[in-house]
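Here the structure comes first, spelled out in structure tokens, and everything after it is commentary.
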Amino acid sequence: MKSSHVIILVITILCMNNGVISSPPEDPVKCTSKNTNCTITNSIGIFPDRSICEAGEVKYPSTEEELISIVATATKNNRKMKAATRYSHSIPKLACPDGKDGLLISTNNLNKVLRVDAEARTITVESGVTLRQIIAEAAEAGLALPYTPYWWGITIGGLMATGAHGSTLWDKGSAVHEYATEIRIVSPSGPEDGYAKVRVLTESDDDNQHLNAVRVSLGVLGVISRHVFYISS
């Protein structure tokens with residue numbers, strides 16, 4: 001046996017014995033004093049924009065009610081805010097609120113799969129749910145998202161807001177947002193609405209231009225709290 005073949009064989013055996021160890025990216029939001037004096041940056045090194053964005057505070061709502069309260073308080077106080085996801089794949093400029101006076105709203109704790117309706121072929125999830133969670137829950141019902149991006153660690157809210165997609169021209173195409181049938185989004189509003197408003201946008205609306213706008217909103221129209229997606233067999 002040639003020496004080069006021996007080396008390859010040894011490396012293969014070592015890899016099989018040791019396995020492959022991987023870990024998710026670090027939390028892109030870091031604060032020096034609990035949830036204040038914070039920074040956010042991109043967690044993926046291959047992206048060109050790795051600049052650090054400052055924020056005065058970060059909030060972690062775990063329910064839609066908490067999210068409404070956070071948005072209302074910030075709106076009433078005329079405070080700029082931006083949504084941040086669990087791993088922050090987007091360039092920091094998209095999630096940069098207003099320097100040390102701004103507020104980050106992380107969807108990290110909005111991470112529950114709420115319902116899988118096998119008969120209607122839909123899945124209802126919060127915006128911080130990862131693609132991996134959706135794939136696993138849909139599979140339990142023998143269903144799946146029609147198309148997905150390659151990495152299942154991204155959250156569905158970030159995936160939607162940035163137009164993430166797979167690769168196909170069949171059916172509606174490979175963009176995941178095309179299969180969203182309903183979206184609940186919390187947006188700033190006036191005092192008559194308590195400074196925050198929940199908008200429920202569906203495909204069945206007479207004018208679904210608002211749904212189309214929110215599908216790829218880059219996070220500028222509000223914070224999405226919940227999605228309903230079509231899943232196929």
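The values are calculated or read from the model by the stated rules, or taken from the named source; none is laboratory data. Everything numeric here is computed off the predicted structure, so don't read it as measured data. Cβ placement follows ideal geometry from the backbone for every residue including glycine, while neighbour counts extend to all protein chains displayed.
Just one of (1) out of contact with any Gly (no Cβ under 8 Å at 6 or more places or on another chain); (2) in contact (Cβ under 8 Å) with a residue 40 or more places away in the chain trips up residue 113, so point out which.
Only one criterion is unmet by residue 113, namely (2).
Inside region 188-233, can you point out the residues that are assigned to a strand (DSSP E or B), in contact with a Ser or Thr (Cβ under 9 Å, 6 or more places away or on another chain) and more than 23 Å from residue 149 (Cα to Cα)? Talk me through it step by step, then tell me what you get.
Kept after step one, since they are assigned to a strand (DSSP E or B), are these residues of region 188-233: 188, 196-202, 223-230, 232.
Narrowing further to those that are in contact with a Ser or Thr (Cβ under 9 Å, 6 or more places away or on another chain): 188, 196-199, 202, 223-230.
Within region 188-233, 188, 196, 197, 198, 199, 202 qualify.
Filter region 113-142 for residues that are farther than 14 Å from residue 233 by Cβ and more than 15 Å from the chain's Cα centre (by Cα) and give the result.
Within region 113-142, 114, 115, 136, 137 qualify.
Tell me which residues, restricted to region 28-64, are at pLDDT 90 or above, of a type in the set (S, T, N, Q) and under 14 Å from residue 86 (Cα atoms).
Once the filter is applied, which keeps residues that are at pLDDT 90 or above, of a type in the set (S, T, N, Q) and under 14 Å from residue 86 (Cα atoms), region 28-64 yields only 62.
Of the conditions (1) over 17 Å from the mean Cα position of the chain (by Cα); (2) modelled with pLDDT under 80, residue 200 clears all except one; give me its number.
Tallying (1) over 17 Å from the mean Cα position of the chain (by Cα); (2) modelled with pLDDT under 80, residue 200 fails exactly one: (2).
Considering (1) in a strand (DSSP E or B); (2) at pLDDT below 90, say which one residue 90 fails and leave the rest.
Of everything listed in (1) in a strand (DSSP E or B); (2) at pLDDT below 90, residue 90 misses just condition (1).
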